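Q: Dropping a structure here in structure tokens format, bear with me for questions.
The values are calculated or read from the model by the stated rules, or taken from the named source; none is laboratory data. Keep in mind it's a predicted model, so treat the numbers as computed, not measured. Note: ideal-geometry Cβ built from the backbone for every residue, glycine included; neighbour counts use all protein chains shown. In case anyone asks, the SASA skips ligands and DNA or RNA and just uses the protein heavy atoms, side chains included. Shrake-Rupley method; radii C 1.70, N 1.55, O 1.52, S 1.80 Å.
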Amino acid sequence: MQNKGWKIPLILLLLGAGAWLFYQKVYLPKSTYAFVTPKRGDLPLKVFGIGTVGAKNLYNVASNSGGRLQSVLKDEGDRVAQGEVIARLDPVDLPQLLEQAQALARKAALETEASLKEIGSLRAQRTLAQINYDRYARLQNQGYAAKAEYDKARTDLASLDAQIAASQARVAASKAQEISARKSVEALRQKIRRLEVRSPVSGLVVKKLARAGETLAPQQAILQVVRPEEVWIRANIDERISGTIRPEQNATITLRSRSDQPLAGRVVRIERESDPVTEERIVDVAFAHLPEPFYLNEQAEVLITTGRIRDALLVPVKLLQKGGVWIYRRGKAHFLHLEILGRDDRFAAVRGLDEGAKILVPDPHKKPLFEGASIRL
């Protein structure tokens, strides 16, 4: 009996110690919650959307004429200037025809030069012949010159006049040939120039659509060029939240490849046709400063600032559950429904909450919150 007397107090002591340890190590940690209090401030209202990097215009650079592609001078990622040659088509025999036309033009020019020199010589001879003719004419009138000598002087003068006229005709003919040859030269040069494909704009090559050696049809694209200032995000916005979006509103752009580098932007266009399947509206958001390098069709997110709620009571968005928050009230948990005036990615502006309210921070490692649950702070 004496042995049993000391065991009962020991058992009670152990049970008490276990209960105390359970209370201290299990119950209290499971029932003790962290809390935050709301704060007052301004809340920018933002609309979220997902889209891709696109462009206002994509310029297909092509040749007006078809033929075999001789060379492509630019590649993807290269910059091009407006009017710069980016490719050439095979001219086939046009260079040889150009050389022939140039040779004919030079020949005609030399013939003109020779005929003009000949005319100069003939005119000098005619001047002397005119002097002889005038002298024989005076002598014959005075009876001192034979008629045969007079006739010969007149014939020599007429012959020189005829030679000069013939040379002048040859000059006119050679000049006409030179003009014709030079027109042929210019026409061939234009044909060769048309085989040089030039960029219509200054920009960046984003796609190479043809390779050297391929045979192209007229107007078949060789390269695709984009102007950097026309690159933007084509964002899909749910119709239910898109009504407050306006052009020139500020936005934040987050590219998938640069998730830690938000970029400034602005709304530049809201397309007039929504997608009837997804019930989304297309909003084009331009970069304030285009990042380098950029990649078309890369996924991106946009946050468009559509307004601002001033002097509002703000609570962290992560604490909102089913339109309300859990608060501490006289040692108990109480769920309070709130009127949400607006929200961004961090805070929500609410109505129906006291400024000094203690908002409980739910924790999956603690016991679940329910109405009237006993909790500690």
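Q: State the label only: which of (i) 78, 46, 38; (ii) 192, 49, 35; (iii) 62, 59, 37 corresponds to Cα extents along the principal axes in Å computed from the shown model?
A: So the calculated entry is the one marked (ii).
Q: Which entries of Lys107/Lys183; Lys332/Lys358; Lys107/Lys191; Lys39/Lys318; Lys332/Lys367 have Cα-Cα distances beyond 19 Å here?
A: Lys107/Lys191
Q: If you don't mind, there's one more thing I want to ask. Mind listing the phi-derived Karplus ³J(HN,Hα) values for the range 263-279, rounded to whole Hz, using 6.51, -1.76 and 1.60 with θ = phi - 60°, and x for any glycine or proline?
A: So the Karplus estimates, Gly and Pro as x, are 10, 6, x, 8, 6, 10, 7, 10, 5, 7, 10, 8, 7, x, 7, 8, 6 Hz.
Q: Might you tell me the accessible area per residue for the range 288-367, computed with a 1.4 Å probe and given in Å²? Don't skip to the answer; put the middle values down first.
A: Details: 4680 Å² over 80 residues.
Result: 58 Å² of accessible area for each residue.
Q: Something else now. To the nearest 10 degrees, how steeply does helix 94-142 sit against the main Cα axis of the chain, on a 0 to 90 scale?
A: 30 degrees
Q: Cβ under 10 Å from Ile270's Cβ, Ile270 left aside: what net charge do those residues give with Lys, Arg +1 and Asp, Glu -1? Walk me through the numbers before you get to the answer.
A: On the way: positive: Arg246, Arg269, Arg272, Arg281; negative: Glu271, Asp284.
After counting each charged neighbour, the total is +2.
Q: A further question follows. Give the longest segment of the chain that steers clear of chymotrypsin sites (Phe, Trp or Tyr not before Pro) in DSSP loops with at most 15 neighbouring Cβ atoms within 10 Å, not counting the sites themselves. All intermediate terms of the calculation are to be shown ahead of the outcome.
A: Working: sites that count: Tyr144, Tyr295, Phe370.
In the chain, the maximal stretch lacking such sites is 145-294.
Q: Continuing with this model, one more query. With a 1.4 Å probe and all protein chains left in place, how much of the accessible area of the chain comes from carbon and sulfur atoms, in whole percent?
A: Details: 12220 of 23160 Å².
Exposed carbon and sulfur together represent 53 percent of the surface.
Q: When the helices in the chain are scored as -39500 (n - 2.57) per DSSP H run of 4 or longer and the sum is shared across all residues, what 222 nm value do you end up with, to the nearest 500 deg cm²/dmol?
A: -11500 deg cm²/dmol
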